[in-house]
Amino acid sequence: GDACAYYNNNYFGWEQSGIGRMLVFLVLQGIVMWILIGAYEYGLLQKLIYMVSKPKRAMPPPGTYTAQHSRSLLVKEDEDVAQERFKIDSSDKSEILMSNKLVLDNLTKYYGSFTAVDHLSIGIPAGECFGLLGINGAGKTTTFMMLTGDTPISSGDAYLDSCSLKTDKKMALRKLGYCPQSDALIDQMTGREILTLFARLRGIKEREIPVAVSNLMSALTLTPHADKQSKAYSGGNKRKLSTGIALIGDPDVIFLDEPTTGMDPVARRMLWKVLARVRDSGRTLILTSHSMEECEALCTCLAVMVNGQFKCLGSIQHLKNKFGEGYTFTAKVAYPSDGGEPDLTPLQTFIDSTFPNSKLTDIHENMVNYHITDTRLSWAQVFGELERAREKLHIEDYLISQTSLEQVFIYFARMQDSSENIRQYSRSLCSCFPCIGRDSGEREDNVQHGYERVPSVTVA
């Protein structure tokens, strides 16, 4: 036919039937892709994005925050949270970074129009264990994801040992240990092999690795399981191993996302002792947990997070004093010698006359529960009055307690947007608090106003 094949003697040529053009484009494509990969690995692309992007929303005025349920409403911020924000905003930046291992500077995360984390500001010095509390959906995991570099920061910044997570992420992450909420273990490797692997990644000298791994496994009581594959570990031992991965190499800042989930009480307390020693050694712990007992055992400072914002901040005792009200009083009246029913009327009359406005919350057989609301009374006054009347009123035993951390937490949890999450969390606490004095929806409108004190909750 009329068709013919074009023949090129130089098969590296640029013309038709030569592969010169393909080779040039292949080399150029390889160079461009290597540049892109290098830029991504070293965070250059992220730095460029942060440089050219602008905050999606303006920062609220000092001393206020934007209410999650109504973006047009500004609500007065808790004074402790506002004071911490003012310290971060107004102090010399280098001074703040030198005195704190972890600094959040108006840290914010947007998902479209939804604000998951809303302008968090705090400085956490070395040797502290900071507890981050909140029900599911409060923004704790998103905060951790930003601090570990898993998701970009929308606005503000965070500093790990003076290294910015926006501009110097690689150096910042070298100083970080992380125990995630779900165990990220390699099933086919033994516990010893996994810790050895992470010790090498941490840069521990090879001759020091066996001793470091053995000491850590001994502290975590994992020595009997050291040479078993991790897939054969129980849930509690997997959590111990995940915690060990976070601790290996002695990082300056350690994030622990519910580290004792699935552990038995003995193992839990053992791990608390290990973490307390780590804290006392000068390292900084950031802990999230649904166990108030765990927070009281470990945390030197904590914050309750609701709708992506800090609603309160301070030591456990400070929060109890600030948001608690009065005392909870429980007494057991002795049975008479004739075997009849005990008469509770004299005790009730005594409480009503000695502690006016006290509320009877429960009566069960020979036990009574009262909420003493007078905050002017000291511990000594309450105990003194009861001791003087104990024999006369035939009180066999009694207990006076302060507002618990659970009650403070439940109070703030009611502010969360998701009422379904509140109901689920309230049900999970039913074993400890069978009845709660007020319905969870009773104070929904109070979110738009200032803080009030928490009513005491008494076990029925």
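Quick note: the coordinates plus some simple rules give every number you see, no bench work behind them. It should be emphasised that the depicted structure is a prediction, and the values quoted were computed from it without experimental measurement. Cβ atoms come from the backbone with ideal geometry, glycine included; neighbour counts cover every protein chain shown.
Descriptive notes on the structure:
- Of the residues 97, 285, the one with the fewest other Cβ atoms within 10 Å heads the list, and the complete ranking is 97, 285.
- Pairwise centroid distance, computed over Cα atoms, of the range 143-183 with the range 363-382, Å: 47
- One decimal place: the segment residue 99-residue 272 gains 59.7 nm when fully extended, by the rule 0.36 nm per residue minus the C-alpha distance.
- Efficiency of FRET between residue 89 and residue 11 - r from beta-carbon atoms, R0 56 angstrom, step 0.05: 0.25
- Taking only alpha carbon atoms, the range 280-334 gives an Rg to Rh ratio of 1.10, where Rh is the Kirkwood radius.
- Violating pairs (Cα-Cα greater than 18 angstrom) within the set 166/311; 140/311; 311/359; 101/240: 166/311; 311/359; 101/240
- Theoretical FRET efficiency, 1/(1+(r/R0)^6), r = Cβ-Cβ of residue 208 and residue 126, R0 30 Å, to 0.05: 0.80
- With the convex hull constructed from alpha-carbon coordinates only, the range 196-343 shows a mean projected area of 15.3 nm² over all directions.
- Under 20 Å from residue 332, Cα to Cα: aspartates and glutamates that are on another chain or at least 8 residues apart: 341, 343, 352, 362, 365, 385, 387, 391, 396, 397
- Overall form of the range 76-320 per C-alpha gyration tensor (a/c, 1.5; a/b vs b/c): prolate
- Net length gained if the chain between residue 200 and residue 187 were fully extended (0.36 nm per residue, minus Cα distance): 2.8 nm
- Cα shape, the range 268-309, gyration tensor, a/c 1.5 rule: oblate
- Largest-first principal axis extents of the Cα set of the range 114-173 (Å): 31, 28, 17
- Stokes-Einstein translational diffusion, the range 147-270 - Kirkwood Rh over all Cα pairs, 0.692 mPa s, 37 °C, in µm²/s: 214
- By average C-beta atoms within 10 angstrom, highest first, the peptides 223-234, 331-342, 154-165: 154-165, 223-234, 331-342
- Simple spin-label estimate for residue 374 and residue 24 in nanometres, 7 Å along Cα-Cβ: 9.5
- For residue 167 and residue 315, the FRET efficiency from 1/(1 + (r/R0)^6), where r spans their Cβ atoms and R0 equals 25 Å, is about 0.15.
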